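Here the structure is laid out as structure tokens; the discussion comes afterwards.
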Amino acid sequence: MVSIPHCHLILMNATNQILLLSTIYGLVSLIFGVQLSIVGPMASVLAKQAGCTEAEIAPVLGMSGIGLIVGGIPSGWIMDHAPGHLVLGVSCIIQAVGFAVMPFCRSVLELAVVYGAISLTFNMINTGVNCLSMWLLPCDQPGLPITIGFLLNALSMLFGVGALLAPQLVHFVEVHTGSGTGVYYIATALAGVAAITLLMLPPGPASPNGQTGPKLSGSLKKAEQASEGSEALAPFQPIIWDEEEVRDHGNPGLLHSSTAGKEADSRKKDSVFWRMCFQAGLLMLIFANVSIELGYGNWIYTYSIKQAGLSEAAGQQITSLYWLIFTLGRLPAMFMATCLSTASIMALMMPLAVLGSVLPLVMGSAPAASTGGDASLAFSNLGSRTPFAGGLHLLVSGSSGALALNTSRHSSLTSIGSQYGSSVDAGGGLTSVITATILVAAGAAAGVPCSMSMATEYVEVDGFLNGAMSTVAGLGATFFPFAVPMLAKWLPNLGFQCLMLATFAMALLQIASLFAMILTGRILKSQRGKVLLYPESQNSLEDTVALGEPLLTSHAEDVHG
């Protein structure tokens, strides 16, 4: 029996289904950003609840980083073998139950166990949303309402917005209730809304291996019936045809009808070596990009104070500026993805991170004048009109790696509304740090979503590869933030200037990885000696959109139809 909302979805045409599912994935990403970032600003609440100091609560906060690393590959495997929307819905239910239980925990161990269980679902949400988005729009084709590059950048931006809102939500609850425990119930409600929404949907787009997902409707059923009896065929997979066959036979749509088998045979003929090189470049790019994102975001506050000699307020403002630019930097990438390739977008944006990391090394970061290095020059009079407050800079030097994914964003928007006095920019320190922060944030903003979108053009991006990308991202988020203070300790003459040197190295690595992906991608295509066309099932997607037919149908409808 199909629920009423489920019926409404399957009766929609393909365009409306794509737009609705994209909107729901955006909602889930926004909520996920809040969920992942909400515990860090609650460190004082957790410490009071457990009867310990904030430093002793570090193992609880570190569970999110551990969960993201451990859960990467398993979450990808599950997405390949289970209905996607059901997996996401169950994960949100686990989160809702976990956050509802946390107020009753009275020790660090209890909090760590409960939050650890919640953290194991984080990669299910992250990997799941990415998988379903790429399987919904596996490659940019004419006639679709949005492109995969646009969608992935939009989802990443909404995640960032959620992360930015989390500390403000904690502050709001604390101010108006006198206690932060109400945040637990808000997190429970948000997870519940996401779970209910997801569980009312059909199973979801299918994995490229055809093991999961709903049956296809309309003209897509022809391709499904030709897939050698598989229950569900991955929608809209690009088909590779021999150039000679196309030249000799003309219309490639008349050559073969077993599109899934044709693509599988073609994939097997690809050079394993170059395919592995492409995937290695992809994983290295994600590692470098996430390293910059969270390493710089974690330590620019300390750099501003220790290296540039700025005040704590200025350090908070610069950290907030970084996360604001990083989040909004995905907005231009979204719209550029409608007219440029994602490789071109990255080639345009990534050099900014190189320039930004070099700038303080060239200009120097001399301490500002004794006025405290107030950052009002950069923010003009925003503070007098924007009363943002709260947030938490939890920089536990010995645990920064484990806390990276959980604490780096919590400083976002924390002190933009602080009081501003007269500003003096002495020695160029403030100017160079602010300029570097803007450039690094913009240069790293679109790396992960654009690289994932680019991967769909060259290789099959199944759940396993998505899980590997999530695992590598977790490693980057752990390694780089941990390495910066260690380098500063081992190289006292450089101090926290090591942040800029390490960022420079990672910025070069992500550019080198990008060009390795471009080169190996082209080699893959040239070695196949084939051209990418969209016969039969590919044209049927465009026809489905143009004719207003539904994209997904329920299993129940197929049984009774």
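What follows draws every value from the coordinates through simple rules; no lab data is involved. Please read these numbers as outputs of a predicted model, since none were measured by experiment. For neighbour counting, all protein chains shown are included, and Cβ atoms are generated from backbone atoms with ideal geometry for every residue, glycine included.
Structure notes:
- Karplus-derived HN-Hα couplings along the range 297-306 (A = 6.51, B = -1.76, C = 1.60, θ = phi - 60°), whole Hz, x at Gly and Pro: x, 6, 10, 5, 5, 5, 4, 4, 7, 6
- Spacing of the modelled spin labels on Val175 and Lys489, each 7 Å from Cα toward Cβ, amounts to 3.8 nm.
- Packing around the peptides 47-53, 17-23, taken as the average count of other Cβ atoms within 10 Å per residue, puts them in this order, highest first: 17-23, 47-53.
- Listed from fewest to most Cβ neighbours within 10 Å, the set Phe480, Phe335, Phe496 follows the order Phe335, Phe496, Phe480.
- Phi angles across the range 91-101 convert, under the Karplus curve 6.51 cos²θ - 1.76 cosθ + 1.60 with θ = phi - 60°, into 3J(HN,Hα) values of 4, 5, 5, 4, 4, 4, 5, x, 5, 5, 7 Hz, Gly and Pro given as x.
- Computed from backbone phi with θ = phi - 60° and the Karplus coefficients 6.51, -1.76 and 1.60, the 3J(HN,Hα) list for the range 161-168 is 4, x, 5, 5, 6, 4, x, 5 Hz; x is used for glycine and proline.
- Close amide H pairs (under 5 Å, H built 1.01 Å from N) link Ser341 with no residue at least 5 positions away or on another chain.
- As a proxy for reagent exposure, Trp299, Trp490, Trp77 were ordered by neighbouring Cβ count within 10 angstrom, fewest first; the result is Trp490, Trp77, Trp299.
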